[in-house]
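To keep things clear, I will list the structure first and then write my remarks on it.
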Amino acid sequence: MEIYIQQEELINLARKAGKAILKIYNDLELAGDVDYKKDDSPLTLADKASHEVIMEGLLELYPDIPIISEEGDQLNYEDRKDFEYFWLVDPLDGTKEFINRNGQFTVNIALMHKHSPVAGFIYTPVHDSLYVGIKGDCAYKVEKGERADLKVNNSTGQRIAVRSKSHASPEEEGVLEQYDVVNDISVGSSLKFCMVAEGKADIYYRHGPTMEWDTAAGQAVLESAGGKVLKGTGPEVFSYNKENLLNGSFLCLGF
């Protein structure tokens, strides 16, 4: 079975979810309404609103494809381990950036085939920036109505690293120093993958924990732009639909 990827409809869905987030973000009273999950991670009204928009939209577009969303009911491994295709969704990636009001949060929608992302849609509502990656087909960014293809730098030295804005780790230093990193930039959410995909950075190493829905859309965009996402420090490719949806460390390379 092969899935036809309805690009425009999925782009519109990501934007619609972004609008639902912005409606709450721009209302300071609503934006300040924050709950905490069992793992102490924050949950806002915007997370819930975006989740509802995406669930409704995906079920309408692809009624037969299952959805794993951060804010949805989590499926048992036995129920999902044999999925051929499924959606992996983070309705609001970078909730801490949302709470800190720095604009660096995203909507992440990824189409998965077995253990790999095959398409990713990342939308930044505050900046109206959209990143799309479809494996074997295209990688591009749409900003202010202008479309530009995404391609990694393929740099041979004097590289730029991108780091987490809220979750930087000292363990990252030892890995990055092996790659002639001379400068770094710091951004939140899945935008780190996008920075490597568009050549603004060359490398991103994450030591601390993430979840599969945090990384799937970013991996699709980066790999479609010619980059790699490796398990640990490589050489094995980062994979998905594990028994535990918690990710280990990973390394993103734009060369």
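Worth pointing out:
- Within the stretch 7-22, considering residues that are open to solvent by 70 Å² or more (accessible area, probe 1.4 Å) and out of contact with any helix residue (DSSP H, G or I) (no Cβ under 6 Å at 6 or more places or on another chain), the one nearest to Thr95 (Cα to Cα): Lys19
- Restricting Ala220, Ala216 to residues that are surrounded by 24 or more Cβ atoms within 10 Å (Cβ to Cβ), farther than 17 Å from Gly248 by Cβ and of a type outside the set (Ser, Thr, Tyr) narrows the list to Ala220.
- Restricting attention to the stretch 23-52, the residues that are assigned to a helix (DSSP H, G or I) and either open to solvent by less than 60 Å² (accessible area, probe 1.4 Å) or in contact with a strand residue (DSSP E or B) (Cβ under 6 Å, 6 or more places away or on another chain) (or both) total 9.
- When the test is whether a residue is at negative phi and in a helix (DSSP H, G or I), Glu8 passes it.
- Given (1) part of a loop (DSSP other than H, G, I, E, B); (2) open to solvent by 50 Å² or more (accessible area, probe 1.4 Å), number of the condition Asp184 does not satisfy: (1)
- Every residue from the stretch 174-202 that is of a type in the set (A, V, I, L, M) and out of contact with any Leu (no Cβ under 6 Å at 6 or more places or on another chain): Val175, Leu176, Val181, Val182, Ile185, Val187, Leu191, Met195, Ala201
- Hits in the stretch 214-240 (condition: in a loop (DSSP other than H, G, I, E, B), closer than 20 Å to Ile122 by Cα and polar (S, T, N, Q)): Ser239
The values are calculated or read from the model by the stated rules, or taken from the named source; none is laboratory data. Quick caveat: nothing in here was measured; it's all calculated off a predicted structure. When we count neighbours, we look across all protein chains shown, and the Cβ atoms used for this are built from the backbone with ideal geometry, even at glycine. Surface accessibility is based on the protein's heavy atoms, side chains included, excluding ligands, DNA and RNA. Shrake-Rupley method; radii C 1.70, N 1.55, O 1.52, S 1.80 Å.
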